[in-house]
1. Cβ-Cβ under 7 Å, sequence separation 6+ or interchain: first residue in the stretch 24-40 and closer than 16 Å to residue 14 by Cβ, partner among the polar types (S, T, N, Q) and assigned to a helix (DSSP H, G or I). Which pairs?
2. Against the definition (touching a residue at least 12 places away in the same chain (Cβ under 8 Å) and of a type in the set (Gly, Ala, Ser)), how does residue 54 come out, yes or no?
3. Among the numbered conditions (1) at pLDDT below 95; (2) in a helix (DSSP H, G or I), tell me where residue 45 comes up short.
4. From the list 5, 37, which one is of a type outside the set (Phe, Trp, Tyr) and surrounded by 13 or more Cβ atoms within 10 Å (Cβ to Cβ)?
5. Of all the residues that make up the stretch 8-23, how many are among the charged types (D, E, K, R) and either exposed (fewer than 11 other Cβ atoms within 10 Å of the Cβ) or touching a residue at least 12 places away in the same chain (Cβ under 8 Å) (or both)?
6. Just wondering, is there one or more residues in the stretch 13-23 that are at pLDDT 95 or above and not in a helix (DSSP H, G or I)?
7. Name the one entry in 9, 4 that is under 22 Å from residue 51 (Cβ atoms), modelled with pLDDT under 95 and not acidic (Asp, Glu).
Amino acid sequence: MKLRDHISRVITEKYEKVAELSKVKDLSVEQGRAYVDAYVDYTHTLEAIEAVIAHGEHH
């Protein structure tokens, strides 16, 4: 598997999890927390990928 394909798969999986949990986030505190956890994980993943790409451009 190519790195690009792996990154794409990871981002898609994390996004889909956030999208699914967003549908039920207001039903209970537990589901709201699960949504927030998934959203934070997704955004941190995007930030980490962006940091690697940005750092690589400086070399």
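1. 25/31; 35/22
2. Judged against the criteria, residue 54 is not a match.
3. Residue 45 satisfies all of (1) at pLDDT below 95; (2) in a helix (DSSP H, G or I) except (1).
4. On the way: 5 fails: surrounded by 13 or more Cβ atoms within 10 Å (Cβ to Cβ).
Exactly one residue qualifies, and that residue is 37.
5. Selection size over the stretch 8-23: 3.
6. Yes, some residue in the stretch 13-23 is at pLDDT 95 or above and not in a helix (DSSP H, G or I).
7. Sole residue among the options that is under 22 Å from residue 51 (Cβ atoms), modelled with pLDDT under 95 and not acidic (Asp, Glu): 4.
The values are calculated or read from the model by the stated rules, or taken from the named source; none is laboratory data. Computed from a prediction, not measured in an experiment: that's the story for all the values here. Note: ideal-geometry Cβ built from the backbone for every residue, glycine included; neighbour counts use all protein chains shown.
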